[in-house]
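First comes the structure, then the notes that go with it.
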Amino acid sequence: MDKLVIRGGTRLKGEVTISGAKNAAVALLPATLLVDGISTITNVPNISDVKIICTILEKLGANITWHTPNTITVDTTHIHSTTAPLDMTSKFRASYYLIGSLLGRCKEAVVGLPGGCNLGARPIDQHIKGFEALGANVEVSQGKISASAKKLVGTSIYLDIVSVGATINIMLASVLAEGTTIIENPAKEPHIVDVANFLNTMGADIRGAGTDIIKINGVSKLKGNATYSVVPDQIEAGTFMLSAVATKGDLIIKNCIPEHLDCLTAKIIEMGANVEANGDAIHVWTSQRPNKTNLKTQPYPGFPTDLQPQMGVCLAIANGTSIINEGIWESRFQYTAELNKMGAQITNQGKSAIFEGVDTLYGAPVEATDLRAGAALIIAGIAAKGETSLTNLIHIDRGYENIEEKFRKIGANIQRVTEEF
Ligand code: EPU
């Protein structure tokens, strides 16, 4: 079993380059199923969630070539199955995009119920509502979702809850449908826009992604031979921005889109640190302990839930008492128990947590309870006095490319150690 050993007390300094967005890549790869041909995707994050999707696509009949660690060609000419291996699909969340893509292309799909981080209940009723509105029959039983349709016909779909997954899945299923599909109350995250841009590059007709209404005019066929670069990962960029705040550091974060991080930038400035955007780079620096602040996580452009734990580390060592209200997931405060082992004083009350800022965190053995919790605990370990050992890295490897190497390059003392048990 691997663990990260972090010797803390470092002020992070230097430059770090951000990878392509995990939550875009895990949708773009299934989206390649919609074309009967070749798609080349660049700036692909080299993470385990991407590798598992590639393996699933291969099992469905796709041919995948890795030209470099971040450039993939997917040839979906010879898709021979619409049943994705159930054991593999249940290992990660984004396997639900295989339903929309297979349904869109083949009019049928069988996929295991999605797994992924344990953040509380993660229903997919809005995805199903969308598929059914387009004319599919959907059945959920024995750990799998089966969807099929004679044909898919565009219609208006109002999402009762703003959902990233449902928005993308309905786009995937409706691109090749007859007529026009309208998604009302869609999610507006940068990866929604990225998936729409990718599909449009292949000849789809999607308008309004990133706004309150998305309109998809169905086309009969998508064109192959598209080359598309995955949008930079705003959550990875935000993770490094917050690592500068927590360690009184000075970081230039390159290959990101500063506008995607406006909300975090505003909070960081409120906390007394400096942020300057310059083209596709963001400079974050501070020499003081963060000021207290309160926040609530919300769909984009609100404060992202996926940066809540990393922000929690900054508030754990802030000057004063702060409150975070989690607006998306039921159980996204599991990391607070781990931070308390490091000397934080956080009280978790359901969907809120109260952070009484302490002067210093102290190294301790802790566990990554989910992906972003893992990233937060790395930051905590770097900021803390003494040694932290962080286990359960499987979560972190799902979503961050070369994370310890990136932190090492900006001064962190962090090693991956393999232990035999
Ligand atoms: N929801 C429903 N019904 C649905 C779908 C969602 O009630 O059919 C609820 C969820 O329970 C949640 C809220 O709606 O309370 C938002 O869920 P959403 O569907 O937006 O989340 P998701 O698509 O399952 C993606 C990311 C998550 C990120 C959320 C919110 C992927 C693969 N995952 O999940 O990323 O937290 O959007 O932004 O894109 C992460 O990267 O660490 C991560 C968990």
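Considering only the range 1-39, state which residues are assigned to a strand (DSSP E or B), surrounded by fewer than 19 Cβ atoms within 10 Å (Cβ to Cβ) and touching a Ser or Thr at 6+ places or on another chain (Cβ under 7 Å). Within the range 1-39, Asp2, Val5, Ile38 qualify. Of the numbered criteria (1) surrounded by fewer than 24 Cβ atoms within 10 Å (Cβ to Cβ); (2) among the aliphatic types (A, V, I, L, M); (3) in a helix (DSSP H, G or I); (4) within 13 Å of the ligand (Cβ to nearest atom), the one Val162 fails is (3).
Being closer than 21 Å to Leu34 by Cα, at pLDDT 95 or above and surrounded by fewer than 21 Cβ atoms within 10 Å (Cβ to Cβ) is a description that applies to Asp75. May I ask you to verify whether Asn348 is buried (at least 17 other Cβ atoms within 10 Å of the Cβ) and on the phi > 0 side of the Ramachandran plot? Criteria not met by Asn348. Filter the range 165-189 down to the residues that are within 11 Å of the ligand (Cβ to nearest atom) and either touching a residue at least 60 places away in the same chain (Cβ under 8 Å) or at positive phi (or both) and list them by number. Within the range 165-189, Gly165, Ile168, Asn169, Ile170, Ala187, Lys188, Glu189 qualify.
Considering each residue of the range 254-262 in turn, none proves to be at pLDDT 95 or above, within 19 Å of Thr360 (Cα to Cα) and either part of a strand (DSSP E or B) or not assigned by TED's automatic domain parsing to the domain that holds Pro186 (or both). Could you list all residues from the range 377-402 that are within 16 Å of the ligand (Cβ to nearest atom) and in a loop (DSSP other than H, G, I, E, B)? Across the range 377-402, the qualifying residues are Asn392, Leu393, Tyr400, Glu401. The helices (runs of 4 or more DSSP H) found wholly in the range 82-153 and carrying at least 1 residues that are more than 16 Å from the ligand (Cβ to nearest atom) occupy 86-89, 97-106.
Screening Glu276 against (1) in a helix (DSSP H, G or I); (2) free of Cβ contacts under 8 Å to residues at least 24 places away in the same chain; (3) not polar (S, T, N, Q) leaves a single unmet condition, (1).
Of the residues that make up the range 58-68, is at least one surrounded by 20 or more Cβ atoms within 10 Å (Cβ to Cβ) and either within 15 Å of the chain's Cα centre (by Cα) or within 20 Å of Val231 (Cα to Cα) (or both)?
The answer is no, given that none of the residues of the range 58-68 is surrounded by 20 or more Cβ atoms within 10 Å (Cβ to Cβ) and either within 15 Å of the chain's Cα centre (by Cα) or within 20 Å of Val231 (Cα to Cα) (or both).
Listed by first and then second residue, the pairs with beta-carbon distance under 6 Å, at least 6 apart or on different chains, first residue in the range 348-376 and more than 24 Å from Met271 (Cα to Cα) and in a loop (DSSP other than H, G, I, E, B), second among the aromatic types (Phe, Trp, Tyr) and within 16 Å of the ligand (Cβ to nearest atom), are Thr369/Tyr335. When each of Glu405, Glu330, Glu338 is tested for being in the same structural domain as Arg289 (by TED's automatic domain parsing) and in a loop (DSSP other than H, G, I, E, B), the lone residue that passes is Glu330.
Filter the range 199-233 for residues that are within 15 Å of the ligand (Cβ to nearest atom) and closer than 20 Å to Ile72 by Cα; which is surrounded by the most Cβ atoms within 10 Å (Cβ to Cβ)? Among residues in the range 199-233 that are within 15 Å of the ligand (Cβ to nearest atom) and closer than 20 Å to Ile72 by Cα, the one surrounded by the most Cβ atoms within 10 Å (Cβ to Cβ) is Asp233. Looking at the range 283-308, which of its residues are among the β-branched types (Val, Ile, Thr) and under 24 Å from the mean Cα position of the chain (by Cα)? Within the range 283-308, Val284, Thr297, Thr305 qualify.
The values are calculated or read from the model by the stated rules, or taken from the named source; none is laboratory data. Every value quoted in this text rests on a predicted model; they were computed, and no experiment measured them. For neighbour counting, all protein chains shown are included, and Cβ atoms are generated from backbone atoms with ideal geometry for every residue, glycine included.
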